[in-house]
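Presented below is the structure to which this report refers.
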Amino acid sequence: MAHQPFHLPEKQARFSTDTSPDAPPEGERWSTWDVSTHGPKPRPDWVLTELAAVESDLGVLKTGKEADVHVVRRWIPDTDRVSTMAAKRYRNGDHRLFHRDAGYLEGRRVRRSRELRAMTRRTDFGKQVIAGQWAAAEFAALGRLWELGLPVPYPVQLDESEMLMEFVGTTGSTPVAAPRLVSTRPEPALLADLFEQLRATMLTLAHHGWTHGDLSPYNVLLHEERLVLIDWPQVVDVIGNPRGFEFLERDATTMVTWFQRKGLEVDAGELVGDLVAEATARF
């Protein structure tokens, strides 16, 4: 007996032809703009806020103790509008290292006593709170520093586990990140100019009561003869943190030492003195 061809009822067939009806037409995911906290206004022109935009992960740029950084491309299909961003994905409480947290977290406020106790005891919940604080602190710091005109990446958006920010480097079919200062060999004239850039940035930070907290040539990029300071989750309130001036002095000394080794005659004590004077000028 001949077998008759089997046909699904029209309604069932219609729903069986697309297993991912909400998937974007191209790329890996829809834009995450609408589910995130946004960076400060006015936004740079390259920031795409349209919900029709799609995104793809282009690969890992950097791995670290607190987070990994990926390169993400966002574009609007069938247009020439595209942007390349750095995606910082923070580790959860089970995969982060917390031995460095205590000193940096001093002076930061937590509204709920339960959260404060959990942070102090380093419970699983407390580690999650700390991880969230680091992400939120970096995003907030970048926003404020950007508004002050300081050389930091523009913070595009933040959700619970990922911060998208400006990609510092050259974009195109194959993005290339700007080199870290530690791997560069600036000519004497540029070296002197770079130190003045650093000094001006640190003085502005100190004037507003802050220091980076972990500043080194590894956390500074050199892009088109311009310094860009990165990695701000541990940003320190110089006055509110009992160790604030210790962190400020360490940041300054570490950077001055690098410039000295490159042949620039600069004095760490002089820079530290200027920074302390700026940080305490309001009192």
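Where in the stretch 73-164 are the helices (runs of 4 or more DSSP H), entirely inside, with at least 2 residues that are at pLDDT 55 or above and closer than 17 Å to P233 by Cβ?
Values: elements: 101-105, 113-121, 124-147.
So the answer is 124-147.
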inquiry  = Here's a check for you: in the stretch 248-264, which residue that is farther than 12 Å from L198 by Cβ and either touching a residue at least 60 places away in the same chain (Cβ under 8 Å) or open to solvent by 10 Å² or more (accessible area, probe 1.4 Å) (or both) is nearest to the chain's Cα centre (by Cα)?
reply    = R250
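Looking at the stretch 265-283, which of the residues that are hydrophobic (A, V, I, L, M, F, W, C) and not in a helix (DSSP H, G or I) is most open to solvent (accessible area, probe 1.4 Å)?
Within the stretch 265-283, the match that is most open to solvent (accessible area, probe 1.4 Å) is F283.
Considering only residues that are in contact with a Phe, Trp or Tyr (Cβ under 7 Å, 6 or more places away or on another chain) and within 21 Å of L145 (Cβ to Cβ), which ones fall in the stretch 242-283?
Within the stretch 242-283, just V276 meets the criteria.
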query = Within the stretch 195-209, can one find any residue that is over 20 Å from A252 (Cβ atoms), without any contact (Cβ under 8 Å) to a residue 24 or more places away in the chain and either of a type outside the set (G, A, S) or in contact with a Lys or Arg (Cβ under 6 Å, 6 or more places away or on another chain) (or both)?
reply = no
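The rows are residues; the columns are (1) free of Cβ contacts under 8 Å to residues at least 12 places away in the same chain; (2) in a helix (DSSP H, G or I).
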{"site": "D34", "(1), (2)": "no, yes"}
{"site": "P42", "(1), (2)": "yes, no"}
{"site": "E50", "(1), (2)": "no, no"}
{"site": "V71", "(1), (2)": "no, no"}
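Is the stretch 157-175 home to any residue that is of a type in the set (D, E, K, R) and touching a Gly at 6+ places or on another chain (Cβ under 8 Å)?
Let us first name the residues in the stretch 157-175 that are of a type in the set (D, E, K, R), namely 159-160, 162, 166.
Add one more test, that the residue is touching a Gly at 6+ places or on another chain (Cβ under 8 Å), and what stays is 160.
Yes, because at least one residue in the stretch 157-175 is of a type in the set (D, E, K, R) and touching a Gly at 6+ places or on another chain (Cβ under 8 Å).
Can you tell which of V235, V228 is of a type in the set (A, V, I, L, M, F, W, C), in contact (Cβ under 8 Å) with a residue 60 or more places away in the chain, within 26 Å of V72 (Cα to Cα) and in contact with a Phe, Trp or Tyr (Cβ under 7 Å, 6 or more places away or on another chain)?
Sole residue among the options that is of a type in the set (A, V, I, L, M, F, W, C), in contact (Cβ under 8 Å) with a residue 60 or more places away in the chain, within 26 Å of V72 (Cα to Cα) and in contact with a Phe, Trp or Tyr (Cβ under 7 Å, 6 or more places away or on another chain): V235.
Looking at S216, S161 in this structure, which one is under 19 Å from T63 (Cα atoms) and touching a helix residue (DSSP H, G or I) at 6+ places or on another chain (Cβ under 7 Å)?
Working: S161 fails: touching a helix residue (DSSP H, G or I) at 6+ places or on another chain (Cβ under 7 Å).
After ruling out the rest, the residue left standing is S216.
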query = Hey, does the stretch 244-260 have a residue that's part of a loop (DSSP other than H, G, I, E, B) and over 21 Å from R89 (Cα atoms)?
reply = no
request  = Sort through L227, L205, L215 and tell me the only one that's buried (at least 17 other Cβ atoms within 10 Å of the Cβ) and assigned to a helix (DSSP H, G or I).
outcome  = L205
note = Residues of the stretch 170-180 being open to solvent by 20 Å² or more (accessible area, probe 1.4 Å) and either under 18 Å from T63 (Cβ atoms) or not in a loop (DSSP other than H, G, I, E, B) (or both), in sequence order, are T170, P175, V176, A177, P179, R180
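The values are calculated or read from the model by the stated rules, or taken from the named source; none is laboratory data. Everything quoted here is computed from the prediction, not taken from an experiment. Here Cβ is always computed from backbone atoms with ideal geometry, including for glycine, and neighbour counts include all displayed protein chains. Just so you know, the surface numbers come from the protein's heavy atoms only, side chains and all, with ligands and any DNA or RNA stripped out. Shrake-Rupley method; radii C 1.70, N 1.55, O 1.52, S 1.80 Å.
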